[in-house]
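To keep things clear, I will list the structure first and then write my remarks on it.
The values are calculated or read from the model by the stated rules, or taken from the named source; none is laboratory data. Here the structure is a predicted model, which is why all the values come from computation and not from measurement. Here the Cβ positions follow ideal geometry from the backbone for every residue, glycine too, while neighbour counts run over all protein chains shown. SASA here: full protein model, heavy atoms, side chains in, ligands and nucleic acids out. Shrake-Rupley method; radii C 1.70, N 1.55, O 1.52, S 1.80 Å.
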Amino acid sequence: MSGISLRAGTKRHAMTARGADLYETPPEAVHALLRAIELPRTIWEPACGPGNIANVLLDHGHEVYASDLYRYPLEGMTGGLDFLRCQRAPEGTEAIVTNPPFSKAEEFVRRARQLVPLTVMLLRLQFLEAVRRTDLLESGDLREVLVFRDRLPMMHRAGWQGKRASSAMAFAWFVWDREHSGPPVLRRISWRDTT
């Protein structure tokens, strides 16, 4: 991948420019998830960054184990933990909820499904397209895809000093559940709803 996009949100920046590949999740996206599905009490957020997902979950009474490969100023987080090398989830963890680094999304989904019964990932809608992910998408445990009917507020790269723009990318919460068997349900959700 080379170069920098002329329009924000339409092309990827070079990996050297992307650094930790941190694009912070808008809290509105997490609120929309919580309105759409019921999550278990104990959750692991393995790509927590500064804590946008973890903080919303905590505010809603969840117990959250927050970790990241990098160290961020988030009270109680475990920095320096490489999720992709983890062999087990923290004790009592019932779900993983995260917005994985774009460049490692498939690897994150594969690892999470091995470690916990419920995996919830904020991914680009185009995650549905790749043939190489057929096993993930047609395995029978993809329970639902919660597609945002309106584009999320732009997730700019951490430290971005350029022009702020709306997102040109469509996102969805993908939910894998070991207890589910069959085709996934597609539902449309909105981050703008407050009910």
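Selection over the stretch 119-131 of residues that are surrounded by 14 or more Cβ atoms within 10 Å (Cβ to Cβ) and of a type in the set (D, E) gives a count of 0.
For the stretch 81-135, which residues satisfy the criterion of being among the polar types (S, T, N, Q) and either in contact with an Asp or Glu (Cβ under 7 Å, 6 or more places away or on another chain) or over 16 Å from V64 (Cα atoms) (or both)? If you could, list the steps in order and put the result at the bottom.
Filtering the stretch 81-135 down to residues among the polar types (S, T, N, Q) leaves 87, 93, 98-99, 103, 114, 119, 126, 134.
If the condition is that a residue be among the polar types (S, T, N, Q) and either in contact with an Asp or Glu (Cβ under 7 Å, 6 or more places away or on another chain) or over 16 Å from V64 (Cα atoms) (or both), then Q87, T98, S103, Q114, Q126, T134 are the ones that fit.
Among residues of the stretch 36-71 being within 20 Å of V175 (Cα to Cα), in contact (Cβ under 8 Å) with a residue 24 or more places away in the chain and part of a loop (DSSP other than H, G, I, E, B), the one that is most open to solvent (accessible area, probe 1.4 Å) is R41.
Of all residues in the stretch 78-87, those that are assigned to a loop (DSSP other than H, G, I, E, B) and more than 26 Å from L34 (Cβ to Cβ) total 3. For first residues located in the stretch 97-117 and touching a residue at least 24 places away in the same chain (Cβ under 8 Å), partners that are hydrophobic (A, V, I, L, M, F, W, C) and open to solvent by 60 Å² or more (accessible area, probe 1.4 Å) and lie 6+ apart or on another chain with Cβ distances below 9 Å form the pairs P101/L69; S103/M15. The set of residues in the stretch 171-191 being among the aliphatic types (A, V, I, L, M) and open to solvent by 30 Å² or more (accessible area, probe 1.4 Å) consists of V185, L186. Answer with yes or no whether G76 is modelled with pLDDT under 90 and more than 29 Å from G182 (Cβ to Cβ). Answer is yes for this residue.
Restricting the stretch 92-118 to residues that are closer than 18 Å to L58 by Cβ and surrounded by fewer than 19 Cβ atoms within 10 Å (Cβ to Cβ) leaves a set whose member that is farthest from the chain's Cα centre (by Cα) is G92.
Pairing each residue of the stretch 168-195 that is basic (K, R) with any residue that is part of a strand (DSSP E or B) and open to solvent by less than 30 Å² (accessible area, probe 1.4 Å), provided the two are 6+ apart or on different chains, yields C-beta distances under 8 Å for R178/L118; R187/E144; R187/V145; R187/L146; R187/V147; R188/L146; R188/V147; R188/F148.
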